[in-house]
Amino acid sequence: MWTTVARYADRWVEGHPLAGYLAGQLAYRAVQLVALLLAVSTLLFVLLRLSADPAAVLAGEGASPAQLRAVAHAYGLDLPLWRQYLAFLGQALRLNFGESPVHHVAALALVLRRLPATLVLAGTAMALNVLVAVSLGLWLGFRPDRAARRAALVLVLASQGIPAFVVGLLLIQVFAVSLRLLPSIGAGRPVSLVLPACTLAWFLAPRAARLTASSVDAAMRQAWVRTARAMGATSRELLWRHVLPNSLLATLALLGVQFAFLLSGSLVIESLFAWPGLGQLLVDSVRAVDFPVVEAAVFVIAVLVFGANALVDVLLPAIDPRLRSRSA
């Protein structure tokens, strides 16, 4: 029976190479996700217990030794460490990270409540990043020998070395303090999204623009570009129909990495602009030693980052069949 099923599966994969590739990649990524979550959960369990005593955090300041023992017994913190670890893994598998002692709500519910704000900020910043970086990279790479483009490339290189928080502080000083055009903190109005999104896009765009320009310049030197010119292709047709589709694969891979960074690495920017997202919640929870919220937040961030990277790894070979044999 199983031999017959395997034979039909092999025939189906041969007849549908893209679908077979995607199915194999999804199964492979599912195994990777399980291993990643196990590693992240183990690391969290060890680090959080090395940083502070969970019983003391749950009991609060000024708790007596009797109260500490009662809290430790109630939460199973008086058990051997290996039994605590197994109990923690069992709760994590059920997506139960406990209740926040600071906010007095379920930790995962609090994290998911803050997640949309982070996704909105990351999506807006990525849209600005794509618009600026791809347009600038095409302009820089299509005719790289012009003086204006060389000057613009110098500015791109200089912008790449400026930290994101410095850009954020400059934008706050100019647009919020001096000109009073935009709010600098909070998320009460849609206009509050402008400064943090522009800060993140400013930080990401130079690298994506440089990579796009390099890919376009390399594509312009290929023999098929000269053939297209000889056949009468205009500059517009050459750019949009030939050069752009063949030079954006590397940029797409970088954009996927940058989006994963936005989901996990925008902690400083969210804190700087008091943006009520997952990053600010994680920073506040670490300061307050809120173990359940830290565990839930890191768990969700790990899943999002893995999903973003896996999506790019799957989509690129689906777009370009030449990459499938390399990733198989």
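The values are calculated or read from the model by the stated rules, or taken from the named source; none is laboratory data. Given the structure is predicted, the values throughout are model-derived calculations rather than measurements. For neighbour counting, all protein chains shown are included, and Cβ atoms are generated from backbone atoms with ideal geometry for every residue, glycine included. Just so you know, the surface numbers come from the protein's heavy atoms only, side chains and all, with ligands and any DNA or RNA stripped out. Shrake-Rupley method; radii C 1.70, N 1.55, O 1.52, S 1.80 Å.
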Study note, to complete from the structure: The condition of being surrounded by 15 or more Cβ atoms within 10 Å (Cβ to Cβ) and assigned to a helix (DSSP H, G or I) holds, among Leu153, Leu157, only for Leu153
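So that you can scan it fast, the table gives a plain yes or no per residue for (1) in contact with an Asp or Glu (Cβ under 9 Å, 6 or more places away or on another chain); (2) outside any loop (DSSP other than H, G, I, E, B); (3) at pLDDT 80 or above; (4) open to solvent by 20 Å² or more (accessible area, probe 1.4 Å):
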residue	(1), (2), (3), (4)
Leu281	yes, yes, yes, no
Val294	no, yes, yes, no
Phe299	no, yes, yes, yes
Leu304	no, yes, yes, yes
Ala308	no, yes, yes, no
Val312	no, yes, no, yes
Leu316	no, yes, no, yes
Arg326	no, yes, no, yes
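Quick check on Val191: is it open to solvent by 10 Å² or more (accessible area, probe 1.4 Å), in contact with a Leu (Cβ under 9 Å, 6 or more places away or on another chain) and assigned to a helix (DSSP H, G or I)?
Working: open to solvent by 10 Å² or more (accessible area, probe 1.4 Å): yes; in contact with a Leu (Cβ under 9 Å, 6 or more places away or on another chain): yes; assigned to a helix (DSSP H, G or I): yes.
Taking the combined requirement at face value, the residue satisfies it.
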**Study point:** Condition check for Ser235: at pLDDT below 75, surrounded by fewer than 17 Cβ atoms within 10 Å (Cβ to Cβ) and either touching a strand residue (DSSP E or B) at 6+ places or on another chain (Cβ under 8 Å) or small (Gly, Ala, Ser) (or both)
**Key:** yes
Check your understanding: Out of the residues in the range 167-184 that are closer than 13 Å to Cys198 by Cα and small (Gly, Ala, Ser), which is modelled with the lowest pLDDT?
Key -> Ser184
Point to revise | Pairs where the first residue, in the range 174-202, is on the phi > 0 side of the Ramachandran plot and the second is surrounded by 11 or more Cβ atoms within 10 Å (Cβ to Cβ), C-beta under 6 Å, 6+ apart | key: Gly186/Ser192; Gly186/Ala274
Practice item. For Leu128, state whether it is part of a helix (DSSP H, G or I), touching a residue at least 40 places away in the same chain (Cβ under 8 Å), open to solvent by 50 Å² or more (accessible area, probe 1.4 Å) and not charged (D, E, K, R). Key: yes
Exercise for review: Could you please find all residues in the range 115-159 being modelled with pLDDT of 85 or more and of a type in the set (Gly, Ala, Ser)?
Suggested key: Ala117, Ala122, Gly123, Ala125, Ala127, Ala133, Ser135, Gly137
Revision key, fill the gap. Residues in the range 130-178 that are closer than 26 Å to Arg221 by Cβ and either among the acidic types (Asp, Glu) or out of contact with any Pro (no Cβ under 7 Å at 6 or more places or on another chain) (or both) total 26
Check your understanding: What are the residue pairs meeting all of these: first residue in the range 20-32, first residue closer than 14 Å to Asn309 by Cβ, second residue open to solvent by less than 40 Å² (accessible area, probe 1.4 Å) and at pLDDT 65 or above, Cβ atoms under 6 Å, and 6 or more apart or on different chains?
Key -> Gln25/Val314; Arg29/Ala310
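This table checks each residue for (1) open to solvent by less than 50 Å² (accessible area, probe 1.4 Å); (2) in a loop (DSSP other than H, G, I, E, B).
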{"position": "His73", "(1), (2)": "no, no"}
{"position": "Trp82", "(1), (2)": "no, no"}
{"position": "Phe88", "(1), (2)": "yes, no"}
{"position": "Gln91", "(1), (2)": "no, no"}
{"position": "Pro101", "(1), (2)": "yes, yes"}
{"position": "His104", "(1), (2)": "no, yes"}
{"position": "Leu110", "(1), (2)": "yes, no"}
{"position": "Leu115", "(1), (2)": "yes, no"}
{"position": "Thr118", "(1), (2)": "yes, no"}
Revision key, fill the gap. Expected single match for under 26 Å from Val300 (Cβ atoms), in contact (Cβ under 8 Å) with a residue 24 or more places away in the chain, part of a helix (DSSP H, G or I) and open to solvent by 70 Å² or more (accessible area, probe 1.4 Å) among Phe165, Phe259 is Phe165
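Within the range 262-279, which residues are part of a helix (DSSP H, G or I) and either open to solvent by less than 10 Å² (accessible area, probe 1.4 Å) or under 18 Å from Val194 (Cα atoms) (or both)? Working first, answer last.
Going residue by residue through the range 262-279, those that are part of a helix (DSSP H, G or I) are 262-265, 267-272, 278-279.
Within the range 262-279, Leu262, Leu263, Leu267, Val268, Ile269, Glu270, Ser271, Leu272, Leu278, Gly279 meet the criteria.
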